[in-house]
Amino acid sequence: QISQSLNIEADKIIDVLHEARSRTISAEGNAQYGVHLESRKAVLFIGAIYNALATSNEEHLVDTFVEVSQISLFAGGNNVVFKKQTGETDYYGTIIVSLVSDSNNKRTITLYQTGIANR
């Protein structure tokens with residue numbers, strides 16, 4: 001049951017990444033979109049740079065028993081931004097989601113340069 005819950009939380013983060021990529025490709029609002037990652041949340045944002053105070057930010061919290069425990073992106077940092085038209089990203093790599101109480105119980109999300117994410 002815990003394993004299934006961990007899968008669900010990892011999939012939620014993947015869904016946020018896919019949503020930002022999809023909005024960028026479709027040129028929604030003639031803008032590009034990105035995702036800011038923190039230990040307890042993934043924030044979908046508009047533009048090339050994350051602004052924590054932007055009212056357009058969409059916060060997606062992870063359950064209290066799960067955390068984003070490691071972010072290893074090629075370009076560094078904890079933001080993923082997608083390119084207009086292609087949906088590609090320079091911020092590819094891995095995102096690890098683990099149980100707060102047991103960091104050995106984890107799921108690895110792989111984000112490819114194409115902008116596609118999976119686990």
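The values are calculated or read from the model by the stated rules, or taken from the named source; none is laboratory data. What you see is a predicted model, and the numbers here were worked out from it, not measured in a lab. FYI the Cβ positions are ideal-geometry reconstructions off the backbone, even for glycines, and counts take in every protein chain you see. Note: accessible area is taken over every heavy atom of the protein model, side chains too, but ligands, DNA and RNA are not part of it. Shrake-Rupley method; radii C 1.70, N 1.55, O 1.52, S 1.80 Å.
Here are some notes:
- Selected residue (criterion: farthest from residue 22 (Cα to Cα)) from residues of region 62-92 that are open to solvent by 20 Å² or more (accessible area, probe 1.4 Å) and among the small types (Gly, Ala, Ser): 69
- Any pair with Cβ under 7 angstrom, 6 or more apart, that starts in region 52-71 at a residue that is in contact (Cβ under 8 Å) with a residue 60 or more places away in the chain and ends at one that is open to solvent by less than 60 Å² (accessible area, probe 1.4 Å) and not β-branched (Val, Ile, Thr): 65/99; 66/6; 66/9; 66/99
- Considering region 93-113, and only residues there that are in contact with a Lys or Arg (Cβ under 8 Å, 6 or more places away or on another chain) and of a type outside the set (Lys, Arg), the residue that is surrounded by the most Cβ atoms within 10 Å (Cβ to Cβ) turns out to be 97.
- Residue ID - most open to solvent (accessible area, probe 1.4 Å), chosen from residues in region 45-55 that are hydrophobic (A, V, I, L, M, F, W, C) and touching a strand residue (DSSP E or B) at 6+ places or on another chain (Cβ under 9 Å): 49
- Number of positions in region 17-44 that are open to solvent by 10 Å² or more (accessible area, probe 1.4 Å) and touching a His at 6+ places or on another chain (Cβ under 8 Å): 1
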